[in-house]
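What follows is calculated from the coordinates using simple rules that are stated; it is not laboratory data. Remember, it's a predicted structure, so these values are computed and weren't measured experimentally. Here the Cβ is made from the backbone with ideal geometry for all residues, glycine too, and neighbour counts use every protein chain on show.
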Amino acid sequence: MTDHSTFNVLFLCTGNSARSILAEAILKKLGGDRFQSFSAGSHPKDRPHPLGIALLSGLGHDIRDFRSKSWDEFAGPDAPRIDLIVTVCDNAAGEVCPIWPGGPTSVHWSLPDPADETLTNKEQSILFSRVYVRLQSRIEDLIALPVEAMEPPALRTRLNGIPELENIQIPVRA
């Protein structure tokens with residue numbers, strides 16, 4: 001499918017402050033030289049959520065360069081080539097996206113928002129951890145695939161099936 005040395009993945013959510021930042025960090029840590037990860041949002045927040053950054057830092061992720069970014073940074077002619085776009089929130093999946101250069105494969109992994117302001121700080125912290133575990137599982141499955149050799153339809157089918165393979169319960173409130 002690709003004729004270049006790294007497989008570039010862009011994780012999208014609306015605010016680029018929680019789920020997409022976690023996903024970018026996980027793939028950066030686990031993807032080795034095969035993958036390069038990015039994240040962005042349709043309406044980025046001022047900064048990544050502090051609980052997400054604290055979780056990443058506590059798990060040994062290098063958090064120095066994380067910032068909330070607009071997806072417009074990845075839609076222009078000078079943007080890095082993107083092979084795969086993964087939306088990680090239902091709002092971003094339903095929005096009209098920019099036209100991405102190169103026509104990358106797109107998939108959706110629906111995840112609850114750990115930065116949901118209706119949750120208490122403790123509930124948010126718990127949900128950040130649960131979303132992290134779910135993302136790590138999905139990203140490990142992504143890394144295990146021969147993505148470089150897969151045609152876009154096969155890759156899309158396989159990656160859209162990853163969430164269905166999980167049985168992790170994620171509610172925070174009883």
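About its Cα centre, the chain has a charge dipole of approximately 420 debye under the convention of +1 per Lys or Arg Cβ and -1 per Asp or Glu Cβ, with nothing else charged.
So what's the angle, to the nearest 10 degrees on a 0 to 90 scale, between helix 152-161 and the longest Cα principal axis of the chain? Around 20 degrees separate the two axes. In summary, the lysines within cross-link reach of K45, defined as a Cα separation below 18 angstrom excluding same-chain residues under 8 places away, comprise K69. Toward the positive end of the charge dipole of the chain, about the Cα centre and with charges on Cβ (Lys, Arg +1; Asp, Glu -1), which of F35, G60, L159 goes farthest? Result: G60, furthest along the dipole toward the positive end.
Provide the gained length on full extension for the span A54 to V133, in nm with one decimal, where the gain is 0.36 nm per separating residue minus the Cα-Cα distance.
Working: separation 79, 0.36 × 79 = 28.44 nm, distance 1.51 nm.
Roughly 26.9 nm would be gained on extension.
Left without a cysteine partner by the 4.7 Å Cβ rule in the chain: C97. Given only helices, namely DSSP H runs of n ≥ 4 each adding -39500 (n - 2.57), what is the per-residue ellipticity at 222 nm of the chain, to the nearest 500 deg cm²/dmol? It comes out at -10500 deg cm²/dmol, rounded to the nearest 500.
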